[in-house]
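Written below as C-alpha cells is the structure these notes are about.
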Amino acid sequence: MAASYKPKTFVVIGLGVFGSYVVKYLSKYNVDIIGIDKDEKKVDEVKEYLKVPIVGDATDIKQLEDAGISPKDVDVIIVAVGESIEENLYITLLLKELEIKKIVARALNTQHAKILAKIGVDKIVFPEAMAAENLINSLLSPSILEHFNLSEEHSIVEVIARKEFFNKTIRELGLRTKYNVTVLGIRRRTTIINEEGEADFKDEILFLPSPEEEILQGDILIIGGKNSDIEKFKKE
C-alpha cells in the first residue's frame, strides 16, 4: 500500500487576522510557507514564520507566476483574503487557471461559499462561523474546554471529568456502550517536587488509554464521536 502524500509547500494569500493565524499554526510543522499580501506591514508581521515573504498583488497572474506559484512548486494554497469577496474569487479563479493541486478558500457568506464550490475549490472554510460555534459551545457547556470539528457529523471534545467518574476505570464507565463515544486520551496534571523541594505542575496526555486506566479528580477526557452522541453525553 502506497504511503499517503504529505504536502510540504504551502502558500497563504492574505495575511490579515485569519491568514496570520494560519501561517503561525503551519509554522509548527516541518513545511515551507510562502506568504503573500499587498500590505507590506502585514507581511513584516509574520515574515519570521515564512520561508518566502512576498509583498505583491495576488490578483495579477504575472506576479503569481514570478513568485513561483505553480503546481510543480507548491502543494496547497490557502486563499485567506477576507476584505473583498470579488478579490477572493478572482484570486481563486487565477489559481484554478494555474492548475494548483489543492486550493482552500475562505468564505465570507453562504452565497460566496456556493460560488467557490462551483469554481471547484478543494475545501471551503468559515473561520468566523467556526469561532462563533466554539464560543457558544463553551458558554452553553462550561465543562467542554475545546471542541474540534472533524467533519459535519464528527467531533473531538475535551471534557472535564465528572465527579461520578473519579476512581473508576474507562471500562467501568462504559462510555462507548452508554453514549457511543470513545475516550481517545486523558489530559492529566501531575505534581512534581523539584530539587529545592518546591511543588511544580506538569501536564501530560495519555493517548489511547487502557480500558483499565482509572479516571482521577482533575482529569480532562478527550472524547471522539458523532456530534449527536456527544450532545447526549454533554446533557447527562
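Yes/no matrix, rows are residues, columns are (1) closer than 26 Å to Val125 by Cα; (2) among the aromatic types (Phe, Trp, Tyr); (3) at pLDDT 90 or above; (4) in contact with a Gly (Cβ under 6 Å, 6 or more places away or on another chain):
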residue: Ile156; (1), (2), (3), (4): yes, no, no, yes
residue: Val159; (1), (2), (3), (4): yes, no, no, no
residue: Glu164; (1), (2), (3), (4): no, no, yes, no
residue: Thr190; (1), (2), (3), (4): no, no, no, no
residue: Gly197; (1), (2), (3), (4): no, no, no, no
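When segment 94-107 is filtered for residues that are surrounded by fewer than 17 Cβ atoms within 10 Å (Cβ to Cβ) and among the hydrophobic types (A, V, I, L, M, F, W, C), only Leu98 remains. Pairing residues of segment 55-84 that are touching a residue at least 24 places away in the same chain (Cβ under 8 Å) with residues that are of a type in the set (Ser, Thr, Tyr) and crowded, with 18+ Cβ neighbours inside 10 Å, at Cβ distances under 7 Å and at least 6 apart in sequence or on separate chains, gives Val79/Thr92. Scanning segment 220-232 for residues that are in contact (Cβ under 8 Å) with a residue 60 or more places away in the chain, assigned to a helix (DSSP H, G or I) and surrounded by 17 or more Cβ atoms within 10 Å (Cβ to Cβ) yields a single hit, Ile230.
Comparison of Ala117, Ala113 shows that the only residue that is among the aliphatic types (A, V, I, L, M), surrounded by fewer than 16 Cβ atoms within 10 Å (Cβ to Cβ), at pLDDT 85 or above and in a helix (DSSP H, G or I) is Ala117. Scanning segment 81-103 for residues that are basic (Lys, Arg) and part of a loop (DSSP other than H, G, I, E, B) yields a single hit, Lys101.
The values are calculated or read from the model by the stated rules, or taken from the named source; none is laboratory data. Just so it is clear, the structure is predicted and the values come from calculations on it, not from any experiment. Cβ: placed from backbone, ideal geometry, glycine included. Neighbour counts: every protein chain shown.
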